[in-house]
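Enquirer: Structure in structure tokens, see below.
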Amino acid sequence: MKFDVELPNGTATVSAQWVQASERGTIVVAHGAGAGMDHPFLIGFTDALNAAGFSTLRFNFPYREQGRRMPGPAAHAITAWRAASAHARALAPDVPLWAAGKSYGGRMASMAVAEGMHVDGLIYLGYPLHPSGRPEKPRAEHLPAITVPQLFVEGSNDPFIQPLSQFEQVVATCVDPHVRWIDGGGHSFEVKGNKRPPAEVGASLAPVVSEFAEL
């Protein structure tokens, strides 16, 4: 499946993977900065959501579709999120819609919602509060403007949210935040001494997300 994204410099066509499940709802899922929509982590995550009764739409950002490794302007990612959510709404118009993203993908979803994209809730799989080792560069100024529920699924050892006190202060500024900790998890939820395939790690997060989507 493909859909068009109307960027300031022209139209980009991006790939997407739609799986229709039951009427429980739709979760649109975006990839992180360094991997596309077919990363095993995201496949495991969405397969488990499908088994739990959610339809899913995974999609590529335009830079990834064009073969580039580094993200383009944030405005392009926000526009892509709007197009993806509209596409998902058209495919399943009568059910709730949530926006989920791994790291960068989740942050771009939050920026899109802060600028007016309508979803029923946001799901962050490792919100990148700041660059690793750079807590003086937080990326959170827009979060208090978001009024829909926000689920932060976070590894307690994730360097992108250290120190945890800073992360907790940011969460406290949000309107309706929910936090679920993965004990010992890093930025991709890897746990030292418990090596698992990425697909298995992604699937293990689906029950947490399913519970949130029923609030």
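Bear in mind these aren't lab numbers, they're just calculated from the coordinates by the rules spelled out. The structure presented is a predicted model; accordingly, all values stated were derived computationally and were not measured. Ideal geometry is used to build each Cβ from the backbone, glycine not excepted, and the neighbour counts take in all protein chains shown.
Enquirer: List the GluC sites (Glu not before Pro) within the range 77-176 that DSSP assigns to loop and that have no more than 15 neighbouring Cβ atoms inside 10 Å.
Expert: Glu115, Glu136, Glu141
Enquirer: Out of residues 5 or more away from Val179 or on other chains, whose amide H comes under 5 Å of its own, with H placed 1.01 Å from N in the peptide plane?
Expert: Placed amide hydrogens put Phe152 under 5 Å from Val179.
Enquirer: Okay, next question. Please compute the net charge surrounding Val179, taking Lys and Arg as +1 and Asp and Glu as -1 over other residues with Cβ under 11 Å from its Cβ. Don't skip to the end; give the middle numbers.
Expert: Numbers: positive: Arg180; negative: Glu154, Glu168.
Counting the neighbours of Val179, the net charge comes to -1.
Enquirer: Mind ranking 30-37, 70-77 by how tightly packed they are, going by the mean number of other C-beta atoms within 10 angstrom, highest first? Let's see the in-between values first.
Expert: Values: 30-37: 20.4, 70-77: 15.8.
Ranking, from highest mean packing down: 30-37, 70-77.
Enquirer: Using amide H atoms built 1.01 Å from N in the peptide plane, name the residues 5+ places from Gly32, or on other chains, whose amide H lies under 5 Å from its own.
Expert: Under 5 Å from the amide H of Gly32 lie the amide H atoms of Lys102, Gly105, each far enough along the sequence or on another chain.
Enquirer: Still on this structure, please answer the following. Could you check which residue among Ala51, Ala140, Ala99 shows the biggest mean-square fluctuation in a GNM of the chain with a 10 Å Cα cutoff?
Expert: Ala51
Enquirer: Under the rule of at least 5 residues apart or a separate chain, name every residue whose amide H is placed under 5 Å from the amide H of Ser15.
Expert: For Ser15, the qualifying residues are Asn60.
Enquirer: Can you divide the C-alpha Rg of the chain by 2.2 N^0.38 Å and report the result to two decimal places? Walk me through the numbers before you get to the answer.
Expert: On the way: Rg = 15.9 Å, N = 215, 2.2 N^0.38 = 16.9 Å.
Against the empirical 2.2 N^0.38 Å value, I get 0.94 for the chain.
Enquirer: Note the full-extension length gain between Leu91 and Asp38 as 0.36 nm times their separation in residues minus their Cα-Cα distance, in nm to one decimal.
Expert: Working: separation 53, 0.36 × 53 = 19.08 nm, distance 2.06 nm.
Between Leu91 and Asp38, full extension yields 17.0 nm more.
Enquirer: Residue by residue, what Karplus-based ³J(HN,Hα) values in Hz, rounded to whole numbers, does the range 56-67 have, using 6.51, -1.76 and 1.60 with θ = phi - 60° and x for Gly and Pro?
Expert: 9, 10, 9, 8, 8, 6, x, 4, 6, 4, 8, x
Enquirer: Read phi for every residue in the range 124-132 and hand back ³J(HN,Hα) as whole Hz from Karplus 6.51 cos²θ - 1.76 cosθ + 1.60, θ = phi - 60°, with x for Gly and Pro.
Expert: Result, rounded to whole Hz: 9, 9, x, 5, x, 4, 7, x, 4.
Enquirer: Using a 10 Å Cβ count of at most 10 others and DSSP loop calls, identify the longest part of the chain lacking such trypsin sites (Lys or Arg not before Pro).
Expert: On the way: sites that count: Arg69, Lys192, Lys195.
Counting only loop sites that pass the neighbour cut-off, the longest clear stretch is 70-191.
Enquirer: Tell me, what HN-Hα J-couplings in whole Hz come from the Karplus equation 6.51 cos²θ - 1.76 cosθ + 1.60 at θ = phi - 60° for each residue of the range 163-173, using x for Gly and Pro?
Expert: Residue by residue, the range 163-173 yields x, 4, 4, 5, 4, 5, 5, 5, 4, 5, 7 Hz.
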